[in-house]
Amino acid sequence: MRKYEINGKNAAGDRSLKLLEAFSAVDDKLLEQYDHIVQKRLKICRYRRKAAFVCSAALASTALLCIITAALHMQRGGNPLTPSATVLPAEESEEGESATSAHPSDEPEDIKQNAAEENISDNQAEITEEGQRVMEEERIGDLYLGMTENELIQLLGEPKEISNSGVVIDEYGYRRICWWYDLGSDNIQYRADVQLELIDCGDGFFINTIYLLPEAELTLLSGIRIGSSSGDVERAYPKIERDEAGSGYNIGGLSGLRFYMENETVKNIELGSLIPYPPEVLDKSPEPLPYDFASEHITVYVKSEDSWTAEELNGWEVCKPIEVIMGIEDLTELESVPLQPMYYLDFHNGTLAVLYGSDESGSIYTLSDSGGFQEALLSGGDTAQYLTPVKEAVRFPADTFARVQRALGRSEQ
Amino acid sequence: MNDQSILELYWNRNESAIRETSKRYGTYCFSIAHNILKNREDSDECVNDTWLHAWNAIPPARPGRLASYLGRITRNLSINRYKLAHAKKRGGGVVTVALEELMECIPDGQEPCGMLELEELAGAINSFLYTLPERDRCLMLGRYWYVEPVKHLAGRFGLSENNVKVILHRSRVRLKEYLEKEGVTV
């Protein structure tokens, strides 16, 4: 059995080093679980990059071919604007995919494969080769799967609508949201014609699913659009499968390209999902906030001249109104806040809020040690060691400052 | 070559076991060493030492999961090398920050003296990790097993850096309480 002698000046450091060493003995099962989760996320992010790369490559090759074709036409005395043949995107080499940075969990390919196969609910396993191909290559108008949120906003601007539920978090912790655009020429106000599901697997939102509603006027690379006939679809996609119920066509099953039909014409088109929903969505609630204003005991530190005094607020009746006002709406991020705080509010639950004045500007920190913080603040010492910033510059809801003043029994300014 | 085949090479005392291990787990082990040491040469040496340790240990050792087995050796060698390099002076870097964070987990009222048992502490940490929700547990492992920077963890788990810091802080507070409750000395 290994023994440790701890003494000397660096005792605290040695003890934490010992804790770090003790982590070595963590069960293989936990490490395996961690590796699987990280691998899954890396895989999805790589997939996304690959999809984006393929689409960029498609654009570039199309542009290049257009230039070459135009040049040839010019040489032959033709019109440079004569349309060229449709060019399908090129496949990306594996090297492009493997250019991601090394990671402790960058396990060999067959381990990744095994992990994917072993994981019963791994949705990537549901995506067929054909479905993957069509999702990588297909475009609907200028939209493609894997397009980032920023690229989307650059292309189409802000969405007309966003899903009422806001961001939802699926079983694996991926964040999802729906955006709607009205891109058609119809004059029906308030009716969108393109629905996009965006997903964030760790480094920003990107398009996961594109769904065209009946009024949409966008066209696929094949020329198929809403209103195309069954014959058009079958000619454009010779290998497409008709659903058993006859209600539509699909390539790739659940993850791929689908045409929903009505009276033998295309009524809706769906491309995706790159990352399908897990079988059961376990958590639809928004991501928990890293701070909490709920408390029945708040210590308010009040600035007076060049020192601080502590005042205690106790009881539900006094504290609840402060919790309600501070949490009543999303906080607005500010670029900066005044230098001098007016109040520190320690909620005794790990959250500390700072109020700078009646303009409602403030900051939020996590507080590691209420006692230590109090001692440091009241004695004019350094409080920074006790604080970890959560939001350094925000605007609290209107009336926050006044409500704290009322709770302290001070007249409102 | 899969883990089983590699292990067979070790058991047959076939030296290509080391080459195959290096091919399969070289990047993985190097990343672990480099997160701790932040030095390419030292990391390379730790990885090479890992192969040697594995060669000496297998057989009779029969690792259940080769990745964890090798990663654990690399991690221990790297921490030992880190301790040697920082015996007199503690420098900056991810490990130092992680160590400072871990100070929060040390139970109050204990005198840092005497002979202490690592296994007991390791067992308590292991049991504690099982009490955490999956995400929080993964963040703890990412931070204190792989010694990953907070920024990387934030990107990997789709959280803001502040959010990761808050979750880690709360987990450390829980770990401290757990160790105190279990009467484990650090």
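The values are calculated or read from the model by the stated rules, or taken from the named source; none is laboratory data. Since we're looking at a predicted model, the values are computed, not measured. Neighbour counts run over all protein chains shown; Cβ positions are idealised from the backbone, glycine included. To get the accessible areas, we keep the full protein, side chains included, count just its heavy atoms, and leave off ligands, DNA and RNA. Shrake-Rupley method; radii C 1.70, N 1.55, O 1.52, S 1.80 Å.
With all distinct Cα pairs included, what does the Kirkwood hydrodynamic radius of chain B come out to in Å, to one decimal, could you say? Mind showing how you got there, number by number?
Numbers: mean 1/r = 0.0553 Å⁻¹.
One over the average 1/r among Cα pairs gives 18.1 Å for chain B.
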Practice task
Would you please name the trypsin sites (Lys or Arg not before Pro) within the range B:1-36 that are DSSP coil residues with at most 14 other C-beta atoms within 10 Å of their C-beta?
Solution key: B:Arg13
Completion exercise
Quick calc, B:Gln4 & B:Asn48: beta-carbon distance into FRET formula, R0 25 Å, rounding 0.05, result 0.60
Handout entry: Debye log10 I(q)/I(0) at q = 0.13, 0.16, 0.22 Å⁻¹ for the range A:220-334, Cα point scatterers
Key = -0.68, -0.86, -1.18
Problem - Percent of Cα pairs exceeding the 23 Å cut-off, where the set is the range A:264-413 - result: 43
Practice task
Enumerate the whole-percent occupancy of each 10 Å bin, from 0 to the last occupied one, for all C-alpha pair distances of the range A:355-399.
Solution key: 27, 42, 29, 2
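Quick one: which of A:Lys303/B:Lys176; A:Lys160/B:Lys151; B:Lys151/B:Lys176; A:Lys18/B:Lys176; B:Lys151/B:Lys181; B:Lys23/B:Lys151 span more than 22 angstrom between C-alpha atoms?
Numbers: A:Lys303/B:Lys176 33 Å; A:Lys160/B:Lys151 33 Å; B:Lys151/B:Lys176 24 Å; A:Lys18/B:Lys176 14 Å; B:Lys151/B:Lys181 32 Å; B:Lys23/B:Lys151 29 Å.
Table pairs above 22 Å Cα-Cα are A:Lys303/B:Lys176; A:Lys160/B:Lys151; B:Lys151/B:Lys176; B:Lys151/B:Lys181; B:Lys23/B:Lys151.
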Handout entry: Where labels lie 7 Å past Cα in the beta-carbon direction, separation of A:Lys303 and B:Glu119 in nm
Key = 5.8
Problem - Buried solvent-accessible surface, both chains (A, B), 1.4 Å probe, Å² to nearest 100 - result: 6100
